[in-house]
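Okay, so here's the structure we're looking at.
Read the figures in this text as sums done on the coordinates, not as results from a lab. All of these numbers come straight from a predicted model, not from anything done at the bench. A quick note on method: Cβ atoms are made from the backbone with ideal geometry, for glycine too, and the neighbour counts reach across all protein chains shown.
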Amino acid sequence: MDLDPHACYRAISTRDARFDGRLFIGVKTTGIYCRPICPARTPRRENLLFFPSAAAAQEAGFRPCLRCRPEAAPDLGVWRGTSNTVSRALALIEKGGLDDADVEALAERLGVGERQLRRLFRRHLGASPIAVAQTRRVLLAKHLIHETRLPMGEVALAAGFGSIRRFNETFQRLFGRPPSTLRRATAAGPTGEVAILLPYRPPYDWPAMLAFLRARAIPGVETVSRDGYARTIEIAGAHGTVAVRPIAGNALRATIQFPQLSALPTIVARLRRVFDLAADPEVIGAHLSEDHVLAPLVAARPGLRVAGAWDGFELAVRAVLGQQITVVAAVKLAAKLVAAYGKPLSGATPVSDGLTHVFPGPERLAVADLSSLGVVRTRAAALVSLARAVVADPEIFGPRRSLEEAILKLRALPGVGEWTAQYIAMREMREPDAFPAADIGLMRGLMRAMVDRKGRRPSPRELLARAERWRPWRAYAAQHLWASHGLSYDRRGAPDGPPPLRSRHDPGLAAGRLRADGDPEARDARVGRAARRRRAGAGRAGRHRALARARPR
Ligand SMILES: [Zn+2]
């Protein structure tokens, strides 16, 4: 990665916040590395080295500054957009991919050679994969020391250090002092609860994120208040809760109640995914704005994020449940599912009222009789088969070598067609280029955005063609189109499954228009609707035929 020294120096002389998270500065005379916004006096140009990542600075022997605290910089690592392999590798590392496996195994999972992976890391991050994983651990530990009252032994465990001795040695080597001396006198918080700051790069459209989550909140599992989100969580059989709200200084504050601190890195990684904290809105917005149709949408909501999912199986179940029905109806079904099959929350004092159950896991649904749920039999069967498939392959939602491979793998799941696969890739696998092209909300959004200029509505095919220029950020384009239509952001809107194709407001986009596209789920939805219509009238044979054709793939 090339860093122009003159531009870098200009950025730090002016403490330009736009470079925060993109640039780290090593000061040769002190051996310390800083963020561009460090309040300390700017050293002379010849005493500085510039690095594209904290790991690179640390690998070069610099230690984190105690004033600007590099651990509090927005971590933009995962979605640099420059190399998909690096992005996916970082996502795996964030999930602990190098904790008990080596770089060779990591490379193999990504379908590249070990040397190539090292080369890519060097080029894009200026550091080796191991250095990235180690730096992540150190910075999380330092953050926990600084912000919480956790005993040092628990900090070591929570940050993923194998032993307290290694933790002490690392801190002694890096900071020249024992970790406990880095504790802030005012660090607070009730015991049994860990509060963590999750920094992001501004702008951040928090109201839009909250509205998206509010419309989909499953009673018992999730609550959304005026300015915060909370939910129950289950990791390796243990229950807990998390609550997230924004605070001053471009960060979210997560309050975590969980019995096993060793799960903390996993919880932080998942929260970063749900709230899309690795996004670089400036880079994404600049690219999308090159299309004159999207430019005004981006200008209207510059901080729009793609809401991620807490858990892949939960998202897939919701997506299948939501096929052909509205968000409101899908949420009601999900609530019924949770009440019937979710485990009551145990062993934790909820951080928010109204949290009573954890979402049922695949093991539970794999053996469930879903006939009382009130969905068509084929859908109930699809849910059970989906649960069985996830039990058989728990890594099914893990990062793949490419978006295409991910989609292929997901589409092999029962009940998952193209739309659902793209939707899961977008929200669970955080594929920034995932794009559920057959989505009627997207077509309406594009139609609305284009109609003033051309006076003509686009076809699904035109939507896909137009989306080519939005790569590699099509997921964000989709979010803007949904938001422009108000679809994702009210209770009627773009559901956790393909929306109903019939619309009183959009006769021009009736199902027939989609036939040309040949999208299997659009077809499923159309057939499903036809089936319902026939059920209402007569024609038993037609109904059976329609249902048979509607069977989820
Ligand atoms: Zn500093």
What is the order of Y476, Y341, Y423, fewest Cβ neighbours within 10 Å to most? Y341, Y476, Y423
I want to check the label-to-label distance for D369 and E104. Put each point 7 Å from Cα in the C-beta direction and report it in nm to one decimal. 5.2 nm
Using modelled backbone amide H atoms (1.01 Å from N, in-plane), which distant-in-sequence or interchain residues come within less than 5 Å of E428's amide H? A309
Can you tell me which of 380-387, 394-401 comes out highest on packing, and rank the rest after it, using the mean Cβ neighbours within 10 Å? 380-387, 394-401
Dipole-positive endmost among F50, G31, T14 within segment 5-68 (Cβ charges, Cα centre): T14
For A195, which sequence-distant residues (separation of 5 or more, or a different chain) have an amide H within less than 5 Å of its own amide H, given hydrogens modelled in the peptide plane? I256
Cα gyration tensor, segment 5-68 - rounded (a/c under 1.5), prolate or oblate: rounded
Just rank H287, H480, H292, H146, fewest to most, by other beta-carbon atoms within 10 angstrom. H292, H146, H287, H480
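Sorted by packing (mean other beta-carbon atoms within 10 Å per residue), highest first, where do 104-114, 256-266 land?
Going by the mean number of other Cβ atoms within 10 Å, highest first, we get 256-266, 104-114.
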For segment 5-68, give me the percentage of DSSP beta bridges that are antiparallel, rounded to the nearest 5 percent. 70 percent
